[in-house]
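A.B. asks: I'd like to ask some things about the structure below.
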Amino acid sequence: MLAMDFRGPKRVRAVQKPMPTILHPEDAIVKVLRTCICGSDLHLYNGNVPDTRVGMTFGHEFVGEIVEVGSEVTNVKVGDRVLVPFNIACGRCIFCKQGMFGNCHESNSEATAVGGFLGYAHTGGGHNGGQAEYARVPYANFGPTVIPAGMSLDDAVLLTDITPTGYQAAEMAGIQPGDTVVVFGAGPVGIMAARCCWLFGAGRVIIIDKEDYRLEFAQNFAKCEAYNFEKDMDDPVMFIKKQTDWIGADACIDAVGAEAAGNAMQTITGRKLLLQAGSATALHWAINSVRKGGVVSIVGVYGPTDNLVPIGNLINKGITMRGNQASVKRHLPRLIDHVMNGILKPSELITHRIPLEDVADGYRIFSAKLDNCIKPVLIPPTANA
């Protein structure tokens, strides 16, 4: 089968790989119909996440058709079209029973801090992902969810990560009616988080980035205020304080993570020398611009294990900080309703549809922010067969 292959930082290609096989009675094999390149994939692509191994197939956002199931799979059947959450969750462990499906205790033998992910580094379990014609999906009795009749594949594929992650970013922010919320990062997750803040009752939503095309897109999609931290302000923290009568935002969302720009020291130590787990610039801004007693919500990805963070400011200001990988399965019932009722239209984020054969070009375009790319979707050659 054709699949994406990681050959080292900034080096990916489409190659022929062996077909996946059933390794456990609860596995399923999925013929991939749509798969995405995620901002989290760029952290792997750029070499920012430890233990990303040569030969890995990325891709944790995909939908497809079940073509084979293990002997103990009863929840889905051959022929079902399913969306596959990026978390690998057993549905039975102590954390899954609490709805913490991104923290499953059974799906990742490589780490204790996080559950398993499809198509990520070996810190996420080393499971090959869906940027391929076919993919193996563990725990098929729990994870794969049948796509409702009438839902497009483009909407469905963005329910595997981007939409639940943006929604959970707003949920973790503890938004109260009328709150001012600042979102750092106008990538797909940040844009979706800004959109979802209104669902929780926000009175004002501000998004900050340095790319004008992303800010314009965010204004149109999320109906929020949008500012460029390189052009519209000298200091994002002072800017937010001025915008909020010197009080600070009620909640801030870090939707950037390890590759944040805006601070030379953070960039050098976190992105160039890899002396810390990525550049924590956006997290600094969030902690320092939120009000006393406010909330900082983190969905931006940071690699293990250490970052330079102003923990003293968090303590002295009485800030609540919340972060996690999105528990996709927990959010799906509500988000499916929102999509089917027209409240959310995730597919509007998609700007580029790229053949899987051209995956290297897709990564280059998305990583370099070329051609006003917001969200690329890869289409395998067998998707129309």
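The values are calculated or read from the model by the stated rules, or taken from the named source; none is laboratory data. Note that this is a predicted model, so its numbers are computed, not measured. Glycine gets a Cβ as well: all are built from the backbone with ideal geometry, and neighbour counts include every protein chain shown. SASA here: full protein model, heavy atoms, side chains in, ligands and nucleic acids out. Shrake-Rupley method; radii C 1.70, N 1.55, O 1.52, S 1.80 Å.
A.B. asks: Sort the stretch 202-255 into rounded, prolate or oblate with this rule: let a ≥ b ≥ c be the square roots of the eigenvalues of the Cα gyration tensor; rounded if a/c is under 1.5, and if a/c is not under 1.5, prolate when a/b is larger than b/c, oblate otherwise.
C.D. replies: Numbers: a/c = 2.09, a/b = 1.26, b/c = 1.66.
Because a/c hits 1.5 or more and a/b fails to exceed b/c, the stretch 202-255 counts as oblate.
A.B. asks: Which lysines have a Cα less than 21 Å from the Cα of Lys292, not counting those fewer than 8 places away in the same chain?
C.D. replies: Straight-line reach from Lys292, under 21 Å: Lys241, Lys242, Lys317.
A.B. asks: Carbon and sulfur: what percent of the chain's accessible surface (1.4 Å probe)?
C.D. replies: 50 percent
A.B. asks: Moving on. Per Stokes-Einstein, at 37 °C and 0.692 mPa s, what whole-number D in µm² s⁻¹ belongs to the stretch 172-261, with the Kirkwood radius over Cα pairs as the hydrodynamic radius?
C.D. replies: Details: Rh = 12.8 Å.
Using the Kirkwood radius from Cα pairs, D works out to 256 µm²/s.
A.B. asks: Which ³J(HN,Hα) values in Hz, rounded to whole numbers, follow from the phi angles of the stretch 339-352 under the Karplus curve 6.51 cos²θ - 1.76 cosθ + 1.60, where θ = phi - 60° and Gly and Pro get x?
C.D. replies: Computed from phi, the couplings for the stretch 339-352 are 5, 5, 8, x, 6, 10, 10, x, 4, 5, 6, 6, 10, 9 Hz.
A.B. asks: For the chain, what does the relative contact order come out to in percent, with C-alpha contacts under 8 Å and a separation of six or more?
C.D. replies: On the way: 983 pairs, mean separation 68.5, N = 385.
Value for the chain: 18 percent.
A.B. asks: If you don't mind, another one. Which percent, to the nearest 5, of DSSP beta bridges fully inside the chain are antiparallel? List each step's numbers first, then the result.
C.D. replies: Working: 28 of 56 bridges.
Of the beta bridges lying entirely in the chain, close to 50 percent run antiparallel.
A.B. asks: Related question: In square angstrom, what is the accessible area per residue of the stretch 1-115 with a 1.4 angstrom probe? Spell out each step's value before the answer.
C.D. replies: On the way: 4830 Å² over 115 residues.
Per residue, the stretch 1-115 has an accessible area of 42 Å².
A.B. asks: In whole Hz, what ³J(HN,Hα) sequence does the stretch 252-258 give by Karplus (6.51, -1.76, 1.60; θ = phi - 60°), x for Gly and Pro?
C.D. replies: Going residue by residue, I get 10, 10, 8, 10, 9, x, 5 Hz, with x marking Gly and Pro.
A.B. asks: Contour minus end-to-end for Lys223 and Met238, with contour as 0.36 nm per residue of separation and end-to-end as the Cα-Cα distance? Working shown, then result.
C.D. replies: Values: separation 15, 0.36 × 15 = 5.40 nm, distance 2.34 nm.
In short, 3.1 nm is gained.
A.B. asks: Per the helix-only calculation at 222 nm, which mean residue ellipticity applies to the chain, given -39500 (n - 2.57) for every DSSP H run of n ≥ 4 and division by its residues, nearest 500 deg cm²/dmol? Walk me through the numbers before you get to the answer.
C.D. replies: Details: 11 runs with 94 residues, N = 385.
Rounded to the nearest 500, the figure is -6500 deg cm²/dmol.
A.B. asks: Relative contact order for the stretch 174-288: what percent, with Cα pairs under 8 Å and sequence separation of 6 or more?
C.D. replies: On the way: 219 pairs, mean separation 28.3, N = 115.
Once normalised by length, the contact order is 25 percent.
A.B. asks: From the Cα gyration tensor of the stretch 247-336, with a ≥ b ≥ c the square roots of its eigenvalues, which class applies: rounded if a/c is under 1.5, or else prolate if a/b is larger than b/c, or else oblate?
C.D. replies: Numbers: a/c = 2.21, a/b = 1.20, b/c = 1.83.
It comes out oblate by the Cα gyration axes.
A.B. asks: Taking the Cα centre of the chain as origin, work out the dipole magnitude from +1 charges on Lys and Arg Cβ and -1 charges on Asp and Glu Cβ, in debye rounded to 20. Numbers along the way, then the final one.
C.D. replies: Details: 35 positive and 38 negative charges, 71 e Å.
Rounded to the nearest 20 debye, it is 340 debye.
A.B. asks: Residue separation times 0.36 nm, minus the C-alpha to C-alpha distance between Asp245 and Ala149: what's the value?
C.D. replies: Numbers: separation 96, 0.36 × 96 = 34.56 nm, distance 4.85 nm.
Difference between extended and current length: 29.7 nm.
A.B. asks: What is the gain in length, in nm to one decimal, between Glu110 and Arg353 on full extension, counting 0.36 nm per residue of separation less the C-alpha to C-alpha distance? Please report the intermediate quantities before stating the final value.
C.D. replies: Values: separation 243, 0.36 × 243 = 87.48 nm, distance 3.35 nm.
Taking 0.36 nm per residue and subtracting the Cα distance, the gain is 84.1 nm.
A.B. asks: Amide H of Ile207: which non-local residues (sequence gap of 5 or more, or other chain) have their own amide H closer than 5 Å, using H built in the peptide plane?
C.D. replies: Val183, Glu225, Ala226, Tyr227
A.B. asks: Same structure again: If I fit a long axis through the Cα atoms of helix 162-172 and take the longest principal axis of the Cα atoms of the chain, what angle between them do I get, 0 to 90°, rounded to 10?
C.D. replies: In the chain, helix 162-172 runs at an angle near 40 degrees to the longest axis.
A.B. asks: Looking at the square roots a ≥ b ≥ c of the eigenvalues of the Cα gyration tensor of the stretch 10-145, which shape do they give, rounded for a/c under 1.5, prolate if a/b is larger than b/c, or oblate? Present the calculation step by step, with values, prior to reporting the outcome.
C.D. replies: On the way: a/c = 1.86, a/b = 1.15, b/c = 1.62.
Here the stretch 10-145 falls in the oblate category.
A.B. asks: Angle check, please: helix 212-222 long axis (alpha carbons) against the longest principal axis of the chain (alpha carbons), in degrees 0 to 90, nearest 10.
C.D. replies: Roughly 80 degrees between the two axes.
A.B. asks: Sticking with this one: Enumerate the calculated ³J(HN,Hα) couplings along the stretch 49-55 in order (Karplus 6.51 cos²θ - 1.76 cosθ + 1.60, θ = phi - 60°), each rounded to whole Hz, writing x wherever the residue is Gly or Pro.
C.D. replies: Going residue by residue, I get 10, x, 6, 8, 9, 4, x Hz, with x marking Gly and Pro.
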